[in-house]
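What follows is a short report on a single structure.
The values are calculated or read from the model by the stated rules, or taken from the named source; none is laboratory data. Please read these numbers as outputs of a predicted model, since none were measured by experiment. Cβ coordinates were reconstructed from backbone atoms using ideal geometry, including for glycine residues, and neighbour counts include every protein chain displayed. For accessibility, only protein heavy atoms count, side chains too; no ligands or nucleic acids. Shrake-Rupley method; radii C 1.70, N 1.55, O 1.52, S 1.80 Å.
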Amino acid sequence: MVVFLWSAAMIFGSVFAWLLAHTVLTPKITGARFVMWWIMTGIVGFILTYISYSINLYNDAFGALGLPVILCAAIVYAYQESVPAKLFVGMMASLTFSVITFMFCGSLDNIIGGRLGFFAGGTPYTVENILLFMGIKVVVFSIIYVLFLRFVRGGVKEVLGMAGEELRTSLVVPAVSIVGFYVINLITNSVGIIPTSPWFMPLYMTVCIIFGVEFAQILGTVRANAEKMQSEKEKERIGAELNVANQIQADMLPRIFPPFPERKDFDIYATMTPAKEVGGDFYDFFLIDDDHLGLVMADVSGKGVPAALFMVIAKTLIKNHAQLGEYSPAKVLMQTNEQLCEGNEAELFVTVWLAIWQISTGKGLAANAGHEHPVLRRAGGTYELVKYRHSPAVATMEGMRFREHEFELHPGDSLFVYTDGVPEATNEKDELYGTDRMLDALNADPAAAPKEVIAAVKKSVDEFAAGTPQFDDITMMCLQYSGSETTGADNEKVLDVPADDQHLTDVLAFVTGILEEHGGSMKTQMLVEVSIEELFVNIAHYAYPEGNGWAQIRARVEEDNTAVITLIDGGIPYDPLAKEDPDVTLSAEEREIGGLGIFMAKKNMDEMTYKYEDGKNILTCRKKIS
């Protein structure tokens, strides 16, 4: 009877351990099958425990080791979680059962059973004492179970959810602890430290406290490891999300340069260097028709995939509205604003600088919706900020109206636009890069091509940051206007160029090409070339004292085969025909210096006329070519 009751008392502990495990795991089998499985497990555990105690009542080998093995095997079969998670729960529940049994149940039994005289013959293994022990177990296990549900269960489930398969590395400690508890029990029994011994209670209280602390440490370590793994997974997820955002940005932006290789009238280059925490910067440029270019520089609020997706929508809407033939940036932004405001629950917005520029005339319209000030360089000059009143950002409020203003680029002029990632770049001292440093970088070589201009600014920003992590996207675009050759009224062709010696060959090629097209003789071409060279060089050298100017050459051939070539500039008023012709009968030493070049140009042409109109010098040359 004693063996039967003691075996039943041990099974009570296993049932308690199973109940703890059941509260944090999800059953894989349900209903009658689930009930039968645990009844069979309990019967097998009881039979094997009975056999073990029938051999040696003082040897808890099976009670301390065998029952945890059976419990873990049953849990692995009956629940859904990963095998490491189920084994961890099974072993921790078994360890909890052992610690509570000795720390509370055994101690109470020692006190109450001893006072009631249930230790007959100096042994605790009496029917009366075992029944008392079982009753104490029912009460203590019930209290512990309720406390577990109230205070511990949620934390354990959270750990299991975070750790999962990674619990494989945490199985050794509870397994060793279960074996260690058995070894301590075996040693104490062998030296006579049983419940009736005065050493039993202090020894097992100490051991149980140690194992209780270890229990808490195991859970704490597992939780810390799980949180670390969860943090790493979250970093990986964020990293993957940022990679997606980066890819979205990169795929949407023009990246082939030169984008219009057949166009010689302008050069454009742009870059976007994404930050680690991806924003929504974007640039765009596109031909609306053969003579109008759309230019966009924008920055979406927010970070990550939401900002990148909002960027895609904003970029698409702006381009679509502009390519419908709407040459007003203000109207394009107004239409885009209305569509972006619809369903904008994330309350994102986008700052935009949008320009629609006519290539043939250099004239354009621009609208600035809360964006950075553009930078303009006149031919031969330096880059300067162009400041004017901005409109609010796009998508901030429905019904917005946007301001637009006119601008004009002359041949040799350059335009630079950027996002706030440039002036707001920081160094280790938390200082801002600022627009002054940006202008210094731009003006280090102001006449450089757009690609070199952007490279110079990026290098300057990197040197300033000196390794400080980039907080925001750095996006830049530079446009350089070289002038255009167009056809005007009466089939008159027009060439716009900077007033610079470097463009003399372009001017001569333009004029010669028209003469050849109309059958002009070689002698006529040479005479015209000499005259045009002299007149254009004069404009380049003297029309603009500050070195910042443009020139326009217009040419046509009339029905009587007379070539009409007109040179126009916006420099200081100067009539080259007003000066008296030099006396060529005098020797070079006797003649006044100057005037000979203009004289030769006049002699080579059949007729030359000059007028100053609308702030422009207009010199017209006529020459019969055949």
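A quick yes/no check of all residues on (1) free of Cβ contacts under 8 Å to residues at least 12 places away in the same chain; (2) of a type in the set (A, V, I, L, M, F, W, C):
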| site | (1), (2) |
| --- | --- |
| G90 | no, no |
| T101 | no, no |
| R115 | yes, no |
| R153 | no, no |
| V156 | no, yes |
| T188 | no, no |
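I need a count of the residues in segment 437-451 that are in a helix (DSSP H, G or I) and among the small types (G, A, S).
Within segment 437-451, residues that are in a helix (DSSP H, G or I) and among the small types (G, A, S) number 1.
Yes/no per residue for (1) open to solvent by 30 Å² or more (accessible area, probe 1.4 Å); (2) in a helix (DSSP H, G or I); (3) closer than 22 Å to T96 by Cα:
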| position | (1), (2), (3) |
| --- | --- |
| W38 | yes, yes, yes |
| T41 | no, yes, yes |
| S54 | yes, yes, no |
| Y58 | yes, no, yes |
| V69 | yes, yes, yes |
| I75 | no, yes, yes |
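Here's the yes/no breakdown for (1) among the small types (G, A, S); (2) in contact with a helix residue (DSSP H, G or I) (Cβ under 8 Å, 6 or more places away or on another chain); (3) within 19 Å of Q480 (Cβ to Cβ):
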| residue | (1), (2), (3) |
| --- | --- |
| R237 | no, no, no |
| T273 | no, yes, no |
| F285 | no, no, yes |
| G294 | yes, yes, yes |
| D299 | no, no, no |
| Q323 | no, no, no |
| A330 | yes, no, no |
| G343 | yes, no, no |
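Can you name every residue in segment 1-14 that is β-branched (V, I, T) and surrounded by 17 or more Cβ atoms within 10 Å (Cβ to Cβ)?
V3, I11
Looking only at strands (runs of 3 or more DSSP E) that fall completely inside segment 348-421, which ones have 1 or more residues that are in contact with a helix residue (DSSP H, G or I) (Cβ under 9 Å, 6 or more places away or on another chain) and of a type in the set (D, E, K, R)?
375-377, 383-385
Filter segment 486-516 down to the residues that are farther than 21 Å from R263 by Cα and either crowded, with 18+ Cβ neighbours inside 10 Å or at pLDDT 90 or above (or both) and list them by number.
L515, E516
When the residues of segment 517-536 are filtered to those that are closer than 12 Å to L567 by Cα and touching a Leu at 6+ places or on another chain (Cβ under 7 Å), which remaining residue is most open to solvent (accessible area, probe 1.4 Å)?
E533
Look at K579 and say whether it is out of contact with any Cys (no Cβ under 8 Å at 6 or more places or on another chain) and not in a loop (DSSP other than H, G, I, E, B).
In short, no.
Filter segment 387-424 down to residues that are of a type in the set (A, V, I, L, M) and at pLDDT 95 or above and give me whichever is farthest from F471 (Cα to Cα).
L415
Which one is farthest from the chain's Cα centre (by Cα), of the residues in segment 254-300 that are assigned to a loop (DSSP other than H, G, I, E, B) and of a type in the set (A, V, I, L, M)?
The residue in question is I256.
Considering only segment 94-125, how many residues are surrounded by 18 or more Cβ atoms within 10 Å (Cβ to Cβ) and β-branched (V, I, T)?
Total meeting the criteria: 4.
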